Amino acid sequence: MHALVVVAHPDPASLSQAVAQALAEGVSGAGHSFEIADLAREGFDPRFSLNDVAVHRREITQPADIAFEQARVDRADALVLVYPIYWWSMPALLKGWIDRVFANGWAYEELEDMKTVKKLEHLPVHLVALAGADMRTFARHGYFGAMKTQIDHGIFGYCGAPVVTSEFLVPVPEMSDHLDTARALGSRVFTPANKTAQAA
């Protein structure tokens, strides 16, 4: 099995990058392959342009950079997103990746009768968000529920991709503990959803 790990942080020495690497080590340690898509290092352009609008309208085909990203996802048996929480959501770099890559005709299809076909039901998704606040803060202000509604349901639910893991890594005394958590998550990426829930 093969996992695509997408990380969106500009600092190669960041905890987000370390968590992505540790998670990939867990995938490899369980006998599977992985690819890390480091959006900042690779220079991915997250800006949704007029060309992207034309793609959405099915007037033109996908440009080469987006076709490349879609092919990476197509090769994967699981998609893992690792990202810091900015303003109670994902960074613009990652949101722009989703805006452009999860396009009409590939991630979903809008039909003339206003119905939508979900096209990513085969793709399990694992979300690993690194937070700067504790869970009490997220719960008190409703941010936790808002993020799950917006990201888990609003994005991946719309495309049919099942969210198997939705993990928040909050500040702890030893941040290196998060690397152990990430390796454990990586080792379970291809575990059936019910077994993953029991293991957690």
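The values are calculated or read from the model by the stated rules, or taken from the named source; none is laboratory data. These numbers come from a predicted model, not from an experiment. Neighbour counts run over all protein chains shown; Cβ positions are idealised from the backbone, glycine included. Calculation scope for accessible area: heavy atoms of the full protein, side chains included, ligands and nucleic acids excluded. Shrake-Rupley method; radii C 1.70, N 1.55, O 1.52, S 1.80 Å.
General remarks:
- Flag for VAL117 being buried (at least 17 other Cβ atoms within 10 Å of the Cβ) and touching an Asp or Glu at 6+ places or on another chain (Cβ under 9 Å): no
- Selection within the range 41-55 - in contact (Cβ under 8 Å) with a residue 40 or more places away in the chain and open to solvent by 40 Å² or more (accessible area, probe 1.4 Å): ASP45, PRO46, ARG47, PHE48
- For the range 2-15, the set of residues classified as surrounded by fewer than 20 Cβ atoms within 10 Å (Cβ to Cβ) and closer than 20 Å to ASP74 by Cα consists of HIS2 only.
- Pairs, first under 17 Å from VAL125 (Cα atoms) in the range 9-37, second among the acidic types (Asp, Glu) and open to solvent by less than 30 Å² (accessible area, probe 1.4 Å), C-beta under 8 Å, six or more apart: ALA20/ASP38; ALA37/GLU69
- Residue identified as hydrophobic (A, V, I, L, M, F, W, C) and either under 15 Å from the mean Cα position of the chain (by Cα) or surrounded by fewer than 14 Cβ atoms within 10 Å (Cβ to Cβ) (or both) among ALA22, ALA71, ALA30, ALA18: ALA71
- Within the range 157-178, residues that are at negative phi and among the aromatic types (Phe, Trp, Tyr) have Cβ atoms under 6 Å from residues that are in a strand (DSSP E or B) and open to solvent by less than 50 Å² (accessible area, probe 1.4 Å) in these pairs: PHE168/ALA129, counting only partners at least 6 apart in sequence or on another chain.
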